[in-house]
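Undergrad: Quick one: the structure is below, and I'll ask about it shortly.
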Amino acid sequence: MDNKAEIAHSFITKQSKKYGHLKFYNFLSTAEKISINNNKENRLYLFLIKTIVSQQVSTSAARTIWSRLRPIIELHKKEDITEDILRTAGISKRKAAYILGILNNKLLKSHSKKTLKNYSIEELSKILIEIKGIGPWTIGITRMFYICDEDIWLDGDLGINKAIDTFFPHINSDDLKEIYSPYRTYLSLYLWKGLDSL
C-alpha cells in the first residue's frame, strides 16, 4: 500500500469521526485501504476506451466487454477496425462510433501521463471534451485514475449519490466536499466501495 493511500485513509477517517459521520466512520474502520495508483494502462487512448466501455453498465459487464474488446483493438491494424468489428465485443453502435473516433484521433498519441499532469484542469478539459463521447464524467475519471489527482469529485455520479444518501442522509453535498477535501478522489472510492458493503 502506498503512503498517499495511508495518509488519505487516515484523514478521511479522522474527518468522519470529527463531524459525527458515524456510519461512514464505522465502515472506514474495517475497510481495506484503497490506492488510486492501480491503473496499469499507460496509453491514454486505451484508458479512454476502457472508460467509455464502463459508462452506464455494471462493473462485471464492463469487465467482460473489455476482455473481448481489447484483443480486437490490439490485434487489428487501426485502419482495419470498423464499427461492426467493435460491436462483436458486445458494445452499442454509439459506443462503437466513439471508440472508433478515439482510435483515429492522432492528437491523443502526443499526450502521456507526464504531459497531462502539467496541464491545468481547464487545459485538460479542453483537450478531452472535444473528443466525441467524452464528457465531464469521463474527464473526471481520467483525472482520478490516469493522472491520479487526489481531489476530484464527480458531480452527478449515481453510485456516489446513492452512497451519500446512505452514509450522509442529512449532509449537504457542498459541505461534504469541503469537509473531505483535499482527498475527495479517495472519498469517492470509499463511497463506491461502501455500496458493496450495504
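The values are calculated or read from the model by the stated rules, or taken from the named source; none is laboratory data. This one's a predicted model, so the numbers in the text were calculated from it and none came from an experiment. Note: ideal-geometry Cβ built from the backbone for every residue, glycine included; neighbour counts use all protein chains shown. Quick note on the areas: whole protein, heavy atoms, side chains included, nothing else; ligands and nucleic acids left out. Shrake-Rupley method; radii C 1.70, N 1.55, O 1.52, S 1.80 Å.
Undergrad: Output the number of residues of the stretch 64-119 satisfying the condition of being open to solvent by less than 30 Å² (accessible area, probe 1.4 Å) and aromatic (Phe, Trp, Tyr).
TA: The qualifying residues number 1.
Undergrad: I'd like the full set of residues that are in contact (Cβ under 8 Å) with a residue 24 or more places away in the chain and not acidic (Asp, Glu), limited to the stretch 41-53.
TA: Asn42, Leu44, Tyr45, Leu46, Phe47, Leu48, Ile49, Thr51, Ile52, Val53
Undergrad: So Ser173 passes all but one of these: (1) farther than 21 Å from Lys113 by Cα; (2) open to solvent by 40 Å² or more (accessible area, probe 1.4 Å); (3) within 16 Å of the chain's Cα centre (by Cα). Which condition number does it fail?
TA: Condition not satisfied by Ser173: (3).
Undergrad: Here's something else I'd like to know. What's the number of the condition Phe24 fails, among (1) loosely packed, with under 15 Cβ neighbours inside 10 Å; (2) under 25 Å from Phe167 (Cα atoms)?
TA: All conditions pass for Phe24, except number (1).
Undergrad: Looking at the stretch 160-185, which of its residues are of a type in the set (S, T, N, Q) and in a helix (DSSP H, G or I)?
TA: Listed by number, the residues that qualify are Asn161, Thr166, Ser173, Thr185.
Undergrad: Here's something else I'd like to know. Among the helices (runs of 4 or more DSSP H) lying completely within the stretch 59-122, list those that include at least 2 residues that are among the hydroxyl-bearing types (Ser, Thr, Tyr) and either over 19 Å from Thr142 (Cα atoms) or touching a residue at least 40 places away in the same chain (Cβ under 8 Å) (or both).
TA: 59-75
Undergrad: On the basis of being in contact (Cβ under 8 Å) with a residue 12 or more places away in the chain and surrounded by fewer than 17 Cβ atoms within 10 Å (Cβ to Cβ), does Ser188 make the cut?
TA: It is false that Ser188 is in contact (Cβ under 8 Å) with a residue 12 or more places away in the chain and surrounded by fewer than 17 Cβ atoms within 10 Å (Cβ to Cβ).
Undergrad: How many residues does the stretch 140-159 contain that are assigned to a helix (DSSP H, G or I) and open to solvent by 10 Å² or more (accessible area, probe 1.4 Å)?
TA: Looking only at that region, the number is 5.
Undergrad: Further, regarding this structure: Could you list all residues from the stretch 120-138 that are within 17 Å of Thr185 (Cβ to Cβ), surrounded by fewer than 17 Cβ atoms within 10 Å (Cβ to Cβ) and modelled with pLDDT of 85 or more?
TA: If the condition is that a residue be within 17 Å of Thr185 (Cβ to Cβ), surrounded by fewer than 17 Cβ atoms within 10 Å (Cβ to Cβ) and modelled with pLDDT of 85 or more, then Pro136, Trp137 are the ones that fit.
Undergrad: Consider the stretch 1-19. How many of its residues are over 17 Å from Leu191 (Cβ atoms) and either touching a Ser or Thr at 6+ places or on another chain (Cβ under 8 Å) or in a loop (DSSP other than H, G, I, E, B) (or both)?
TA: 3
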